[in-house]
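A short write-up of the structure that comes next.
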Amino acid sequence: MGRGDLTDEQWAALEPLLPKGARAGRPPVWPRRQLIDGIRFRVRTGVPWRDVPVKYGPWGRIYDLFRRWQRNGTWQRILTRLQSLADAKGVITWDLSVDSTLCRAHQHAAGARKQGDLQKEPAGGIFTEPRDHGLGRSRGGFTTKLHLAVEQGQKPMSIVITAGQRGDSPQFEPVLAKVRVPRIGPGRPRVRPDRVRADKAYASGKNLAVTGMRDDFRLRTTQGQVNQVPTDLIWTSVQDYRPRRVD
């Protein structure tokens, strides 16, 4: 087992969530676990599909599985189910952190078609791909920006993809709106966190209203500290915010 490959414990949790074969027959030449490890290697390292090590199987089979499950929504269903199971066990901490990160696009991305929905094989799968493909010009060059809402166990709860030059603050509401964890059993999906942590880039009046703060409230700084407000969803003090940083 290579570094980053699924452990036996992880595979035992993942295998029941995978789609079942359409018909019985001989076992596949390339086991799903092996192909999924190949997908994980590629996503983790960013190498071209053709450079995935042969120990994971033919790169074409690995890509085919990844693309097929992307297009029919299998990956999304697996993620949603894992989130539901984790929430039922109480391992999701509903204090969310919202932030963004930039990803440098490969130079070949500059040749993407402007109207992605007209491609022979649209790239979005079950989701609608942005017309700009999430690519834009920023100080870092040709970039994509990932806007994330992450629980305190550092697991992603939602993601919004935009072009690299897009601001953080306008995406605060969209990224929180995508947080949706179905219940195991009866009940509505959980969509509201207990608390939201974000830096000053998100401190606009509109975002304060989204989190339930008073419309007339403005963040005030005293000796570099952000005042704490007793509301359901709040920006907290610098001392409370700092431990979320991983750099």
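The values are calculated or read from the model by the stated rules, or taken from the named source; none is laboratory data. From a predicted model like this one, the values you see are computed outputs, not experimental measurements. When we count neighbours, we look across all protein chains shown, and the Cβ atoms used for this are built from the backbone with ideal geometry, even at glycine. SASA here: full protein model, heavy atoms, side chains in, ligands and nucleic acids out. Shrake-Rupley method; radii C 1.70, N 1.55, O 1.52, S 1.80 Å.
Taken across the range 215-227, residues that are modelled with pLDDT of 90 or more and either closer than 14 Å to ASP99 by Cα or open to solvent by 90 Å² or more (accessible area, probe 1.4 Å) (or both) do not occur at all.
So which residues in the range 47-84 are touching a residue at least 40 places away in the same chain (Cβ under 8 Å) and either of a type in the set (Asp, Glu) or loosely packed, with under 13 Cβ neighbours inside 10 Å (or both), if there are any at all? If the condition is that a residue be touching a residue at least 40 places away in the same chain (Cβ under 8 Å) and either of a type in the set (Asp, Glu) or loosely packed, with under 13 Cβ neighbours inside 10 Å (or both), then LYS55 is the only one that fits. Among the criteria (1) closer than 26 Å to ARG81 by Cβ; (2) open to solvent by 40 Å² or more (accessible area, probe 1.4 Å); (3) not small (Gly, Ala, Ser); (4) not in a helix (DSSP H, G or I), the one VAL29 does not fulfil is (1).
Count of the range 127-183 residues, restricted to those that are free of Cβ contacts under 8 Å to residues at least 60 places away in the same chain and part of a helix (DSSP H, G or I), is 5. If you go through the range 48-68 and keep only what is acidic (Asp, Glu) and under 20 Å from HIS108 (Cα atoms), you end up with just ASP51. Listed by first and then second residue, the pairs with beta-carbon distance under 9 Å, at least 6 apart or on different chains, first residue in the range 1-15 and farther than 12 Å from ARG33 by Cα and open to solvent by less than 60 Å² (accessible area, probe 1.4 Å), second charged (D, E, K, R) and in a helix (DSSP H, G or I), are GLY2/ASP37; GLY2/LYS55; GLY4/ASP37; GLY4/ARG40; GLY4/ARG44.
Only one of the numbered conditions (1) exposed (fewer than 15 other Cβ atoms within 10 Å of the Cβ); (2) closer than 19 Å to LYS178 by Cβ is violated by TRP94, and that is (1).
For the range 81-91, the criterion of a residue being polar (S, T, N, Q), at pLDDT 80 or above and assigned to a helix (DSSP H, G or I) is satisfied by at least one position.
Restricting attention to the range 193-208, the residues being open to solvent by less than 30 Å² (accessible area, probe 1.4 Å) and among the hydrophobic types (A, V, I, L, M, F, W, C) number 3. Could you tell me whether GLN152 is open to solvent by 20 Å² or more (accessible area, probe 1.4 Å) and under 16 Å from the mean Cα position of the chain (by Cα)? For GLN152, the condition - open to solvent by 20 Å² or more (accessible area, probe 1.4 Å) and under 16 Å from the mean Cα position of the chain (by Cα) - is met.
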